[in-house]
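Read through the structure below, which is laid out as structure tokens, and then see the notes.
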Amino acid sequence: MTHTEIDALVRQFLVDTATRGTPHPRVQQVVTRLTADLFKAIEDLDLTADEVWRGIEYFAEAGATHELGLLAAGLGLERFLDIRADAADTRAGLTGATPRTIEGPLYVAGAPESIGFARLDEAGADGGAEGEVLFMQGSVRGTDGTPLAGARVEVWHANQLGNYSFFDKTQPAFHLRRTIITDSNGRYQFRSTMPMGYGCPPAGTTQRLLDLLARHGRRPAHIHFFVSAPGHRKLTTQINIDGDAFLWDDFAFASRDGLVPAVRRIDDPARMDRHGVDRPFASIDFDFRLHRDMAGAPAAEVARQRAAA
Ligand code: FE
């Protein structure tokens, strides 16, 4: 069939059959387009019925095992949405903020809140495998450099084994997840343990597809953030831990210039003492810069299903 014949057939199937009231115009537009694109791919690639059903069964399994969010990251779909959001920001004249990067599927709403400082890890929660102590600190500012008091810094990251609390039920609730409200100087600080990189579940649907594409499913070590402040656009981003072997080889394409702060190793006994630790620790300084709210700019907040505890 030609593409024109396929377009006509899809109209016949999905549009001409709309005899029971008024169709939702956006849903009809999107479903018609995607169905026609799928039919064209089947025609052009001469997909067999076996292959088409294998694809449907793949999505069914990926959905049932909660891997569609991971698949969206691994196919670059989530990164593609960020590229489009960046382009929209540029068109709206929004420049100078901290770069955005993907949220990923592992945020959990409802983490404990504190002002200025939070400790993210519970001592002993990782069975003695806490790893290196990490302090991260800085400020939240507008793009003009003004410190923003009362900004919300929501932070979450993986443990030493590359697993996230809530999804990994062996960890305490909200382990390595907190919300820090910046102090009167717009500053935040947290103490945690150095996260490790991680990979897709080895037996899962995402990794199975990546294997067929001869791709790895690894993410370099990183820390996720939502940063928001009254009158400002919400920022969704991550920082990467410098030195990770996969730093610029992330299966989810989330590493970006401007999001790889230096990691300093502190072994000065006076500073260790001041930080309340008895061994050398890692320290990262990072300032977040947020755009002001702008009428008419595309929304910075993305509505998607998120876990809550
Ligand atoms: Fe992550």
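The numbers here are math on the coordinates, done by the rules we state, and not lab data. Computed from a predicted model, the values in this text were never measured in an experiment. Positions of Cβ are backbone-derived with ideal geometry, glycine not excepted, and every protein chain shown enters the neighbour counts.
Brief remarks follow.
- Candidates Gly231, Gly258, filtered to the one that is touching a residue at least 24 places away in the same chain (Cβ under 8 Å) and within 18 Å of the chain's Cα centre (by Cα): Gly258
- Hits in the range 207-236 (condition: in contact with an Asp or Glu (Cβ under 9 Å, 6 or more places away or on another chain) and within 14 Å of the ligand (Cβ to nearest atom)): Gly217, Arg218, Arg219, Pro220, Ala221, His222, His224, Phe225, Phe226, Thr236
- Residue identified as more than 22 Å from Ala221 (Cβ to Cβ) and exposed (fewer than 12 other Cβ atoms within 10 Å of the Cβ) among Gly93, Gly55: Gly93
- The range 141-167 residues that are at positive phi, paired with ones that are of a type in the set (A, V, I, L, M) and within 16 Å of the ligand (Cβ to nearest atom) (beta carbon under 9 Å, 6 or more apart): Gly162/Met196; Gly162/Ala221; Phe166/Leu106; Phe166/Val108; Phe166/Ala307
- Verdict on Thr98 being closer than 30 Å to Leu77 by Cα, more than 16 Å from the ligand (Cβ to nearest atom) and surrounded by 14 or more Cβ atoms within 10 Å (Cβ to Cβ): yes
- Qualifying residue in the range 197-210 (condition: crowded, with 18+ Cβ neighbours inside 10 Å, within 25 Å of Phe135 (Cα to Cα) and in contact (Cβ under 8 Å) with a residue 24 or more places away in the chain): yes
- Set side by side, the residues Leu47, Leu70 differ, and just one is closer than 23 Å to Phe166 by Cβ, surrounded by 13 or more Cβ atoms within 10 Å (Cβ to Cβ) and not small (Gly, Ala, Ser), which is Leu70.
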